[in-house]
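The values are calculated or read from the model by the stated rules, or taken from the named source; none is laboratory data. As the structure is a computational prediction, the values presented were derived from the model and not from experiment. Neighbour counts run over all protein chains shown; Cβ positions are idealised from the backbone, glycine included. SASA here: full protein model, heavy atoms, side chains in, ligands and nucleic acids out. Shrake-Rupley method; radii C 1.70, N 1.55, O 1.52, S 1.80 Å.
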Amino acid sequence: MNSATPNSAMRGSNHVGMRQFNERIVLQAIRHHGAIPKADLARLTQLSTQTVAIIVGRLLDDGLLLKQDRVRGKIGQPSVPLSLNPQGAFSVGIQVGRRNLELLVADFTGQPVHRVEVLYDYPDPDELFQSMAQGLQTLQARMGDLWPRTVGVGLTAPLSLHKWADLMGGKAAQALARWEHIDLLAQVQRLSDLPVVFAKDTTAACVAELLQGHGRSERSFLYVFVGTFIGGGLVLSGHIMNGERGNAGAIGSLPVGLATSESKGSGMPPQLLQKASGWQLEQALLAAGHNPLLIHQSAIMDAAYAEFTGPWIAQASQALAMTVASAAALLDLDAVVMDGSLGAPLMTALMAATQEALGQYRFDGMHQPPLLAGQVGAHARALGGALLPLHSQFFPDKDIFLKQDAA
């Protein structure tokens, strides 16, 4: 494979210029189909051979594409497949979580290349912004001469951090309450010369799954992300659904019980976040004198913690099964994708228990969507944030029409 050193001043890297639409179509075709010759690009995009040749020339000059080795053995001239240059452009994802801060650099193919993480008991604003500034400096140092090819920052966080104060309690409540008067996006923009865009954390994770995971084959799916608090996203016909207030797919608020006349004295039905969040398992561990952050480690499935993980998995899986059945009836889904920041063995056990619990629900008159393990993993929120600037700068809408006959 030929190598190429990216130009440090590519067109569009001034963070305000936008790629021409036909250039975006060509880049999208290569992103979806992999290395592909110009002749196949023309058929796939329905652009003329001359137009594709001009666009490819520009993209090669900008360092966004690489020429692969010639393919021989077919009739006619040997073809030269073209691929995205991983070093063609970069972007930064910043995820502000309730238990951690993660900063991540993704390359032009959407793969993470550098990562910084800071763990904490709760997100204190002063400490968090200091850690964020240091993290950005660290990433810039690691990138070296490639840093000028970084096109933007995608910031992700839960909506209305301050509203979780009562639930987390103690010192965490005091720190979280301060977020009510903080403009997170503005504060982060002060830390960087790069343009900063914001997305809800679970929406960003859903973006990562859409662009780098099951979204390449499943057109409509409910996305479930199990972290300190459970949340989700919704993809219909290849598009992220945000809703008028950004709450589409906000499954954490879904009731997982019935309100009846008998329940008036016992309170309202619980929501999914009260039954299937890592928070409940954290609190059980903490009350027994264990480290609550064990939920993010493989060791959580050791026999020593079975008395905590067993009841939580049973409770969470029942609530998740009800959520899947309800969503399937309402949305006619191709799949339900489950991912999370919990330890991989714990996520595997939760998936298996949820699949078993689904056997207790009737799916008469509707399609039962398969339950799929997410392909992105624990860093989906930060990676989704990083993908946002890349996608807005270089690629058209994901659902742009492309003929599927590039073989």
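For the reader, a short list of remarks on this structure follows.
- Residue match in region 250-265 (condition: at pLDDT below 95, in a helix (DSSP H, G or I), within 17 Å of GLY233 (Cα to Cα) and open to solvent by 30 Å² or more (accessible area, probe 1.4 Å)): yes
- Residue ranges of strands (runs of 3 or more DSSP E) in region 87-127 with at least 2 members open to solvent by 10 Å² or more (accessible area, probe 1.4 Å) and either in contact (Cβ under 8 Å) with a residue 12 or more places away in the chain or of a type in the set (A, V, I, L, M, F, W, C) (or both): 112-119
- Selection of region 318-344 for residues being small (Gly, Ala, Ser), over 17 Å from LEU210 (Cα atoms) and out of contact with any His (no Cβ under 8 Å at 6 or more places or on another chain) yields ALA319, ALA321, ALA325, SER326, ALA327, ALA329, ALA344.
- Any hit, region 363-373, residues being more than 19 Å from the chain's Cα centre (by Cα), in a helix (DSSP H, G or I) and at pLDDT 95 or above: no
- Within region 135-145, the set of residues being over 22 Å from the mean Cα position of the chain (by Cα) and buried (at least 18 other Cβ atoms within 10 Å of the Cβ) is empty.
- The set of residues in region 276-306 that are of a type in the set (A, V, I, L, M), touching a strand residue (DSSP E or B) at 6+ places or on another chain (Cβ under 9 Å) and modelled with pLDDT under 95 contains only LEU293.
- Single condition LEU286 does not satisfy, out of (1) closer than 21 Å to GLY154 by Cβ; (2) part of a helix (DSSP H, G or I): (1)
- Against the list (1) part of a helix (DSSP H, G or I); (2) open to solvent by 40 Å² or more (accessible area, probe 1.4 Å); (3) out of contact with any strand residue (DSSP E or B) (no Cβ under 8 Å at 6 or more places or on another chain), the condition THR309 fails is (2).
- Scanning region 324-350 for residues that are open to solvent by 30 Å² or more (accessible area, probe 1.4 Å) and in a helix (DSSP H, G or I) yields SER326, ALA329, LEU330, LEU331, ALA344, PRO345, THR348.
- Residue in region 146-169 that is modelled with the lowest pLDDT, counting only those that are in contact with a helix residue (DSSP H, G or I) (Cβ under 7 Å, 6 or more places away or on another chain) and small (Gly, Ala, Ser): ALA165
- Scope region 40-57; condition out of contact with any helix residue (DSSP H, G or I) (no Cβ under 7 Å at 6 or more places or on another chain) and open to solvent by 50 Å² or more (accessible area, probe 1.4 Å); matching residues: ARG43, GLN46, GLN50, ILE54
- Filter pass, ALA378 being part of a helix (DSSP H, G or I) and not hydroxyl-bearing (Ser, Thr, Tyr): no
- If you go through region 77-93 and pick out every residue that is touching a Gly at 6+ places or on another chain (Cβ under 6 Å) and under 27 Å from GLY227 (Cα atoms), you end up with 2.
- Residue match in region 180-199 (condition: touching a helix residue (DSSP H, G or I) at 6+ places or on another chain (Cβ under 7 Å) and at pLDDT below 90): yes
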